[in-house]
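Worksheet for the structure shown next.
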Ligand code: MTE
């Protein structure tokens, strides 16, 4: 197993002030069932500095999708793996609300309306609140996080996300002592999202995390990548990114976050309970019932590469699962 020291990950977290961001990209800030995700044959971690809200009233530091060149602070991740080109990240997508054809998603999602957009955070919390996404981007410093994304379908990418720790938002609403899990929901809108007319999934797309997973500093809410606001196909205006889990956990276009007492059922658990578990930690030793997870195809590479436990983030997250049988809790 490749060892990664947390100090090698931390430098990836570039804390971008608006000035740095503007200088870096020279752009004006914007106003801003078949396969895997395939139809079925058919103790909170303190996030420290990362949670610091940005100065009230500071403008959102991301360039509008059309403005400026894609940019990132580095061209590799902490393992030395090259970033996946912007073109691939934005044209090879899983977003079943639009299509099951990865290359058709970007075109079908082109006119998806992502402003105005609110995210309601409630359930077992002391301070439920509905946030305007633009306010969230002003409130929290947007950090660059270069993460590997490993899809359960056994392909992967390396993506320079921009976002802020999910923990920051959760701490703000103050989960009560009964809250044990976090449930996320995507927008439900058949008109804009033609894929939601497909009756074999239980829409809206839903996902969940255990509260301590959600509070881990590696789990972020992302509003951008490559220095630009997210395009619709990548989950605009706000999506989850949980890099040690299969990509389907990283739910897109979130409208609702709920703190709950019981383990939530995700869309994939409901569609194919034997194939998709709640935890979905990247694990080369546990095969999907229909294919091996021991290796993966990095988009843009010819040869397959070995899949790393927890997608290479074991040093950071394995402790969340001490004593759990990861074959049972897949
Ligand atoms: N979120 C929603 N709402 N709908 C989806 O179909 N697909 C998931 C995840 N989030 C999906 C989703 C899957 S299977 C993967 S691999 C990632 O998004 C892909 O993210 P990307 O297209 O930005 O690479």
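Exactly one condition in (1) in contact with a strand residue (DSSP E or B) (Cβ under 6 Å, 6 or more places away or on another chain); (2) modelled with pLDDT under 95 is false for residue 67; which is it?
Evaluating residue 67 over (1) in contact with a strand residue (DSSP E or B) (Cβ under 6 Å, 6 or more places away or on another chain); (2) modelled with pLDDT under 95 leaves (1) as the failure.
Condition check ((1) closer than 24 Å to residue 88 by Cα; (2) assigned to a helix (DSSP H, G or I); (3) more than 11 Å from the ligand (Cβ to nearest atom)) across all residues:
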{"residue": "201", "(1), (2), (3)": "no, no, no"}
{"residue": "217", "(1), (2), (3)": "no, no, yes"}
{"residue": "252", "(1), (2), (3)": "yes, no, no"}
{"residue": "257", "(1), (2), (3)": "no, no, yes"}
{"residue": "265", "(1), (2), (3)": "no, no, yes"}
{"residue": "275", "(1), (2), (3)": "no, no, yes"}
{"residue": "278", "(1), (2), (3)": "no, no, yes"}
{"residue": "296", "(1), (2), (3)": "yes, no, yes"}
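Would you confirm whether any residue within the stretch 167-180 is more than 21 Å from residue 281 (Cα to Cα), assigned to a helix (DSSP H, G or I), more than 9 Å from the ligand (Cβ to nearest atom) and out of contact with any strand residue (DSSP E or B) (no Cβ under 8 Å at 6 or more places or on another chain)?
In the first step, residues of the stretch 167-180 are kept if they are more than 21 Å from residue 281 (Cα to Cα); the result is 168-179.
From what's left, assigned to a helix (DSSP H, G or I): 168-173.
Remaining after also requiring more than 9 Å from the ligand (Cβ to nearest atom): 168-173.
Subsequent filtering for residues that are out of contact with any strand residue (DSSP E or B) (no Cβ under 8 Å at 6 or more places or on another chain) retains 171.
Looking through the stretch 167-180, at least one residue is more than 21 Å from residue 281 (Cα to Cα), assigned to a helix (DSSP H, G or I), more than 9 Å from the ligand (Cβ to nearest atom) and out of contact with any strand residue (DSSP E or B) (no Cβ under 8 Å at 6 or more places or on another chain).
For a quick check of your reading of the model, give me the residue pairs whose first member lies in the stretch 220-236 and is on the phi < 0 side of the Ramachandran plot and at pLDDT below 95, whose second is outside any loop (DSSP other than H, G, I, E, B) and within 10 Å of the ligand (Cβ to nearest atom), with beta-carbon atoms closer than 6 Å and at least 6 apart or on different chains.
Matching pairs, first to second residue: none at all.
Taking the options 162, 136, name whichever one is part of a helix (DSSP H, G or I) and either modelled with pLDDT of 95 or more or surrounded by 23 or more Cβ atoms within 10 Å (Cβ to Cβ) (or both).
Numbers: 162 fails: part of a helix (DSSP H, G or I).
Checking each option against the conditions leaves just 136.
If you scan the stretch 280-294, which residues turn out to be within 16 Å of the ligand (Cβ to nearest atom) and either surrounded by fewer than 17 Cβ atoms within 10 Å (Cβ to Cβ) or in a strand (DSSP E or B) (or both)?
281, 288, 290, 291
Show the residue pairs that are 6+ apart or on different chains and have beta-carbon atoms under 8 Å apart, the first residue being within the stretch 300-311 and farther than 14 Å from residue 151 by Cα, the second being assigned to a loop (DSSP other than H, G, I, E, B).
Here the result reads 300/84; 300/85, each pair linking the stretch 300-311 to a residue that is assigned to a loop (DSSP other than H, G, I, E, B).
Please state which one of 221, 308 is buried (at least 19 other Cβ atoms within 10 Å of the Cβ) and more than 28 Å from residue 98 (Cβ to Cβ).
Numbers: 221 fails: more than 28 Å from residue 98 (Cβ to Cβ).
Criteria check complete, one pass: 308.
The values are calculated or read from the model by the stated rules, or taken from the named source; none is laboratory data. Model, not experiment: these values are computed from the prediction. Ideal geometry is used to build each Cβ from the backbone, glycine not excepted, and the neighbour counts take in all protein chains shown.
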